[in-house]
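Step one of this worksheet: look at the structure below.
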Amino acid sequence: MAGLTRVQRPNVLFGYDGTDENEPALCWAVEEARLRGLDLVMCYCWHWPYPPGHVDENAQAIIERAGENLLSEGAARARALGAPGRVGTVLRREPVSETLVRESGDAELIVIGSHERRRVPAGSTAVELPARAHRPVVVVRGAAGAGPVVVGVDGSPGAEAALRFAVEGAVLRERGLHVVWGAWEPGAVPDSELPLFADKEELLRVRTAMAEESLRVWRELYPKVSVRVSVLLERPRQALLGAAPGAALLVVGDRGAGGVDELLLGATSSTMLHHAPCTVAIVPAA
């Protein structure tokens with residue numbers, strides 16, 4: 001297994017809930033920690049089911065103890081799955097997204113599960129967390145496919161960060177890398193580039209050259225990674241959904257070249273969370 005060429009933060013942070021549906025995400029988090037040689041930190045957020053002002057300290061203590069027991073069992077399961085280093089546990093009260101953001105200061109990435117195998121419900125942690133986190137967020141849907149790591153690029157800072165994460169994922173998993181540029185996005189480019197859309201051949205040439213330039217340093221660092229580049233005259237979300245079936249992982253930036261409110265995900269990354277059939281990583285530009 002090849003190693004990475006940079007220093008990492010010390011742990012993988014995992015949002016644990018103890019359900020059977022959460023098991024694939026636990027397996028992914030353990031494997032991520034193993035591949036990267038990092039510790040695993042499991043975070044569980046307990047829920048007080050009654051309105052504010054209706055607090056029973058004894059009942060609350062019981063709920064917290066149940067959360068501690070759940071985390072203890074989860075940590076034992078992680079060790080049984082082969083977690084390589086320390087398995088830490090963090091018990092906090094909801095809200096989940098805010099808690100994971102706060103706890104992610106030492107995390108290389110955050111792993112969470114998706115209880116929905118296709119469409120992710122609006123307002124779920126899988127939607128809220130990537131928009132707020134300062135670390136890559138991996139939303140797990142089942143086991144990894146047998147295909148390559150797929151990454152969407154568009155020349156934006158977010159896409160550059162996504163490309164680095166995707167290259168590292170391919171290196172660690174010994175998979176190929178499929179770089180996808182959905183080039184038909186006239187509403188997301190500066191006015192100076194609009195004439196490109198009147199000449200499709202020139203548009204493809206320019207975007208292919210940009211994609212290859214962004215890959216140059218990664219080809220030099222990791223020459224054994226097999227790289228495929230697809231520049232398509234499709235909208236980014238269409239191009240990526242076409243490449244997603246069977247992928248080991250689909251990686252996108254949190255916001256693309258079109259720009260968006262900093263509290264919201266970009267349209268393409270949001271679409272991937274809702275519709276991609278594989279595990280999705282959302283990577284912030286920072």
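The values are calculated or read from the model by the stated rules, or taken from the named source; none is laboratory data. Since we're looking at a predicted model, the values are computed, not measured. Note: ideal-geometry Cβ built from the backbone for every residue, glycine included; neighbour counts use all protein chains shown. Accessible surface is based on the protein model in full, side chains and every heavy atom, while ligands, DNA and RNA are left aside. Shrake-Rupley method; radii C 1.70, N 1.55, O 1.52, S 1.80 Å.
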Quiz item: Is it true that some residue in the stretch 83-92 is under 25 Å from the mean Cα position of the chain (by Cα), open to solvent by 60 Å² or more (accessible area, probe 1.4 Å), under 30 Å from Ala162 (Cα atoms) and polar (S, T, N, Q)?
Solution: yes
Quiz item: Would it be correct to say that Ala25 is open to solvent by less than 60 Å² (accessible area, probe 1.4 Å), out of contact with any strand residue (DSSP E or B) (no Cβ under 8 Å at 6 or more places or on another chain) and small (Gly, Ala, Ser)?
Solution: no
Quiz prompt | Of all residues in the stretch 51-62 being open to solvent by 60 Å² or more (accessible area, probe 1.4 Å) and of a type in the set (A, V, I, L, M), the one that is farthest from the chain's Cα centre (by Cα) | solution = Val55
Quiz item: So which strands (runs of 3 or more DSSP E) are wholly in the stretch 143-246 and hold at least 2 residues that are in contact (Cβ under 8 Å) with a residue 60 or more places away in the chain?
Solution: 149-152, 177-182
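Rundown of residues vs (1) without any contact (Cβ under 8 Å) to a residue 60 or more places away in the chain; (2) in contact with a strand residue (DSSP E or B) (Cβ under 7 Å, 6 or more places away or on another chain), yes/no style:
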| residue | (1), (2) |
| --- | --- |
| Leu4 | no, no |
| Asp20 | yes, no |
| Glu31 | yes, no |
| Leu40 | yes, yes |
| Tyr44 | yes, yes |
| Gly53 | yes, no |
| Gln60 | yes, no |
Exercise. Spot the failing condition for Leu233; the list is (1) touching a Ser or Thr at 6+ places or on another chain (Cβ under 7 Å); (2) open to solvent by 60 Å² or more (accessible area, probe 1.4 Å), and only one is missed.
Key: (1)
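Can you give me the number of residues within the stretch 194-210 that are surrounded by 13 or more Cβ atoms within 10 Å (Cβ to Cβ) and touching a Leu at 6+ places or on another chain (Cβ under 9 Å)?
6
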Quiz item: Among (1) under 23 Å from the mean Cα position of the chain (by Cα); (2) modelled with pLDDT of 95 or more; (3) among the charged types (D, E, K, R); (4) open to solvent by 20 Å² or more (accessible area, probe 1.4 Å), where does Arg65 come up short?
Solution: (1)
Quiz item: Identify, please: which residue in the stretch 1-22 is more than 18 Å from the chain's Cα centre (by Cα) and β-branched (Val, Ile, Thr) and is, among those, least open to solvent (accessible area, probe 1.4 Å)?
Solution: Thr19
Practice problem: Kindly check whether there is at least one residue in the stretch 102-115 that is of a type in the set (Lys, Arg) and either crowded, with 16+ Cβ neighbours inside 10 Å or more than 29 Å from Gly253 (Cα to Cα) (or both). | Solution: no
Practice problem: Would you point out which residue out of Pro190, Pro148 is more than 27 Å from Val225 (Cβ to Cβ) and open to solvent by 10 Å² or more (accessible area, probe 1.4 Å)? | Solution: Pro190
